[in-house]
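Engineer: One structure follows; several queries about it will come next.
The values are calculated or read from the model by the stated rules, or taken from the named source; none is laboratory data. This structure is a prediction, so every number in the text was calculated from the model and none was measured. All Cβ positions, glycine included, derive from the backbone under ideal geometry; neighbour counts span all protein chains shown. Side chains are part of the model used for accessible areas, which takes the heavy atoms of the whole protein and leaves out ligands, DNA and RNA. Shrake-Rupley method; radii C 1.70, N 1.55, O 1.52, S 1.80 Å.
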Amino acid sequence: MGSGKTAIGRALSRRWDVPLRDTDVDIEEHAGTTIADIFLHQGEQAFRDLEHQIVAAALDEHRGVLALGGGAPLRSDTREHLAQYAAGGGTVVFLDVSIEFAAPRVGLDDSRPLLMGDPRQRWLDIIRERREVYEEASTMRILTDGVTPAEGGREIERRMRLARKSRAPHGGPHSLGHH
Ligand SMILES: Nc1ncnc2c1ncn2[C@@H]1O[C@H](COP(=O)(O)OP(=O)(O)OP(=O)(O)O)[C@@H](O)[C@H]1O
Ligand SMILES: O=C(O)C1=C[C@@H](O)[C@@H](O)[C@H](O)C1
Ligand SMILES: [Mg+2]
């Protein structure tokens with residue numbers, strides 16, 4: 001939360017001129033209400049079940065940049081789906097951020113259901129619980145502390161080029177040898 005999924009996703013989709021899809025937005029459109037409202041009236045489990053369906057559809061259909069909700073990789077079937085995508089050459093980015101930078105971005109107010117109570121402590125607990133899952137599910141980690149969304153986007157692109165070069169070091173079909 002506050003790592004810049006939406007902001008960096010937007011920067012990258014502009015840079016590459018491809019569509020951006022955000023599963024949090026898909027969920028709210030599908031449900032016709034806010035995520036906070038779904039948590040409040042139906043509970044987290046109902047939210048996670050809906051999120052799972054929405055994320056699966058987006059991973060199957062979407063061609064472009066996809067921003068996933070922060071809790072999406074908690075589902076093992078979603079992690080398998082991401083692993084298949086990565087095995088096919090897809091890039092899955094873990095946007096990391098420390099509390100000092102995340103706090104002013106998200107405001108740490110009461111509008112985020114999972115941060116209710118003591119937002120700062122909840123944020124720290126959540127990232128501690130999830131760090132391993134995020135690292136496992138991703139093909140690259142980008143620290144966004146002090147980095148603008150445009151810079152974050154450029155860094156992702158640079159790392160994708162490096163990863164491609166190391167997969168096809170002799171000018172194979174995936175190399176960017178024409179640059
Ligand atoms: N790299 C950045 N530098 C400065 N501000 C940023 C950066 N990334 C995002 N922001 C700002 O912080 C806020 C939260 O960012 P964003 O919505 O991209 O986070 P998110 O990871 O999508 O969070 P969520 O879990 O709510 O979906 C926005 O107001 C955004 O403009
Ligand atoms: O980290 C989480 O579990 C969440 C992150 C947001 O993107 C939303 O999907 C929702 O607020 C839950
Ligand atoms: Mg977002």
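Engineer: Any residue in the range 16-24 that is over 19 Å from Ala86 (Cα atoms), under 13 Å from the mean Cα position of the chain (by Cα) and either within 11 Å of ligand 2 (Cβ to nearest atom) or modelled with pLDDT of 95 or more (or both)?
Structural biologist: yes
Engineer: May I pose another question? Ala83: touching a residue at least 40 places away in the same chain (Cβ under 8 Å) and either out of contact with any Lys or Arg (no Cβ under 6 Å at 6 or more places or on another chain) or assigned to a helix (DSSP H, G or I) (or both), yes or no?
Structural biologist: yes
Engineer: Answer yes if at least one residue in the range 141-162 is open to solvent by 70 Å² or more (accessible area, probe 1.4 Å), at pLDDT 95 or above and farther than 25 Å from Ala11 by Cβ, and no otherwise.
Structural biologist: no
Engineer: Then there's this: Can you spot a residue in the range 25-38 that is within 14 Å of ligand 2 (Cβ to nearest atom), outside any helix (DSSP H, G or I) and under 28 Å from Glu157 (Cβ atoms)?
Structural biologist: Within the range 25-38, none of the residues are within 14 Å of ligand 2 (Cβ to nearest atom), outside any helix (DSSP H, G or I) and under 28 Å from Glu157 (Cβ atoms).
Engineer: Could you list, in sequence order, all residues of the range 65-80 that are part of a loop (DSSP other than H, G, I, E, B) and away from ligand 1 (no atom under 16 Å from the Cβ)?
Structural biologist: Matches in the range 65-80: Arg75 only.
Engineer: Looking at Ala46, Ala11, Ala83, which one is within 11 Å of ligand 1 (Cβ to nearest atom) and either closer than 17 Å to Ser138 by Cα or out of contact with any strand residue (DSSP E or B) (no Cβ under 8 Å at 6 or more places or on another chain) (or both)?
Structural biologist: Ala11
Engineer: Right, another one. Cβ-Cβ under 8 Å, sequence separation 6+ or interchain: first residue in the range 2-19 and within 13 Å of ligand 3 (Cβ to nearest atom), partner charged (D, E, K, R) and part of a helix (DSSP H, G or I). Which pairs?
Structural biologist: If the second residue must be charged (D, E, K, R) and part of a helix (DSSP H, G or I), the pairs left are Gly2/Arg105; Gly4/Arg105; Thr6/Asp24.
Engineer: Is at least one residue of the range 81-88 open to solvent by 30 Å² or more (accessible area, probe 1.4 Å), under 17 Å from the mean Cα position of the chain (by Cα) and either within 16 Å of ligand 3 (Cβ to nearest atom) or of a type in the set (Phe, Trp, Tyr) (or both)?
Structural biologist: yes
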